[in-house]
Amino acid sequence: MLLKNLNITLKERQTFIFHLIYSLIEGFLAGVFILNEFVFIKSLHGSNYQLSVLFQFSVVVLIISIVTNELMETVKNKKNLLRIIAVVTRLPLVLLFLFPSNIQQLNAHPLYNYYFLFAFFMYYLAQPIILPSLNLSLKNNYEHNNFGKLYSIATSMNKIIMLLVTFLFGLLLDYDNFAFRYIYPITGLMGMISIYLLTKINDDEIIVKTSFSIIKKVKDTFKLTMIKNIAHRDFQISLMFYGFGYMSTVTIITIFYNVALNLNYSSVAFYKNVYNIIAILILPYFGRLISRIDQRRFSSISIASLLLYIIFIMLTAFFPSHFFLFDLKIYYMLLLAVFFNSFFAATMSLSWSIGSAYFCKNEEAGIYQAVHLSLTGLRGFVFPLIGVALYEKFGFTITYIFASVSLLIGIIILFISEKRTPLQKG
């Protein structure tokens with residue numbers, strides 16, 4: 001049903017089946033993990049800086065993407081390596097079932113908070129290997145014209161599962177604030193399965209290198225992607241400003257939900273689900289659009305949506321009118337923020353995941369994605385901590401203003417770049 005209107009080959013169809021099942025499982029994991037930060041601050045009573053570190057782990061590990069991409073290119077049996085990585089990086093989540101079920105015991109042993117952080121550090125440590133591997137496999141198995149379409153279908157299904165799981169997990173956490181003790185171990189096991197399915201995608205056309213020189217690799221990679229390819233360089237520079245706007249506020253918004261708005265788990269899950277529902281509805285359109293327009297123009301739509309989201313989040317503090325729907329606390333301004341966040345979610349899920357692939361040849365997709373991920377990691381190493389520092393020094397409003405200005409600069413860079421250097425499709 002999903003593919004009947006698409007003209008795809010048998011290889012694309014077989015790849016899509018594994019890609020879709022992988023995306024469905026990852027959607028379940030994302031639905032659980034989307035509440036991670038709120039769980040950490042509300043149930044485990046983690047500090048603001050610990051909270052920023054939890055978010056950092058999801059991106060800072062990407063710094064090593066260029067190294068891991070080069071290593072993967074020298075590995076003959078990539079499938080076995082990925083399966084080993086699946087077990088090693090997901091097993092710590094399984095051990096969370098040993099956590100106590102009340103805050104008194106957790107507070108008596110602060111090491112529980114640090115183990116929680118360690119478990120997710122290990123989980124995200126696999127991303128620098130998994131994401132480029134997925135990108136390269138799909139790029140080599142999907143035709144250029146179908147790449148965005150098939151990816152958007154899988155992403156849409158991923159988000160449907162995610163919003164359902166987020167809603168149910170939010171209700172469960174309101175019933176039992178420590179329900180994560182048995183839900184996270186389940187996600188650890190499912191994470192192993194999803195990576196195993198990823199290894200079922202055909203990779204016969206991927207060339208295995210026989211040597212490895214990290215210094216030469218980094219030099220050659222940046223020369224290829226950031227010096228010779230001016231359009232891609234401008235794209236990544238704009239993402240630095242986008243990264244500050246996003247990463248400096250993502251933790252602060254979680255704190256804002258808890259401190260300023262006093263939301264419960266169900267309300268947080270509600271807002272996250274609303275934007276994901278809208279994102280699912282509009283994602284197929286953007287999946288087609290991403291292959292038709294310059295990637296920089298597409299990304300400017302995404303960054304502008306994030307800018308409006310942050311502005312309306314900020315305005316919620318000044319116009320806090322709200323009403324209750326059962327146990328849900330509904331803010332009018334927050335609903336407007338969620339609307340723009342849905343456009344950001346739909347567009348950035350595509351732009352961030354496969355955007356770099358539109359600046360290169362098929363065989364270069366893994367390299368470009370590795371550079372993209374490494375730069376994301378560099379942003380994640382600094383920006384979340386700066387966001388917390390700004391908040392603790394100046395409060396919510398000034399932090400949001402800094403982020404908004406940075407996003408605006410990112411948009412301007414993209415517009416100038418598109419006019420100066422038209423993108424040559426490869």
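For beta carbons closer than 7 Å, sequence separation of 6+ or different chains, a first residue in the range 62-74 that is at pLDDT below 75 and a second that is surrounded by fewer than 22 Cβ atoms within 10 Å (Cβ to Cβ) and among the charged types (D, E, K, R), the qualifying pairs are ILE66/LYS217; GLU70/LYS217; MET72/LYS78; GLU73/LYS209; THR74/LYS209. Here the condition is being under 17 Å from the mean Cα position of the chain (by Cα), part of a helix (DSSP H, G or I), surrounded by fewer than 23 Cβ atoms within 10 Å (Cβ to Cβ) and among the hydrophobic types (A, V, I, L, M, F, W, C); of MET226, MET333, MET240, MET314, it holds for MET240 alone.
Of the set (1) buried (at least 18 other Cβ atoms within 10 Å of the Cβ); (2) more than 27 Å from PRO422 (Cα to Cα), all apply to ASN258 but (1). Cβ-Cβ distances below 9 Å connect the following pairs, each with a first residue in the range 209-234 that is modelled with pLDDT under 80, a second residue that is surrounded by 17 or more Cβ atoms within 10 Å (Cβ to Cβ) and assigned to a loop (DSSP other than H, G, I, E, B), and a separation of six or more residues or different chains: LEU224/CYS360. Within the range 137-160, the set of residues being buried (at least 19 other Cβ atoms within 10 Å of the Cβ) and among the β-branched types (Val, Ile, Thr) comprises ILE153, THR155.
Screening PRO320 against (1) of a type outside the set (Phe, Trp, Tyr); (2) out of contact with any Pro (no Cβ under 9 Å at 6 or more places or on another chain); (3) buried (at least 18 other Cβ atoms within 10 Å of the Cβ); (4) at pLDDT below 95 leaves a single unmet condition, (3). LEU408 meets all of the listed conditions (1) more than 27 Å from TYR49 (Cα to Cα); (2) assigned to a helix (DSSP H, G or I) but one, namely (1). When TYR391 is tested against (1) among the aromatic types (Phe, Trp, Tyr); (2) buried (at least 21 other Cβ atoms within 10 Å of the Cβ); (3) free of Cβ contacts under 8 Å to residues at least 24 places away in the same chain, just one condition goes unmet, and that condition is (3).
The values are calculated or read from the model by the stated rules, or taken from the named source; none is laboratory data. All values derive from a computational prediction rather than experimental measurement. Quick reminder, even Gly has a Cβ in these numbers, built from the backbone with ideal geometry, and neighbours come from all protein chains shown.
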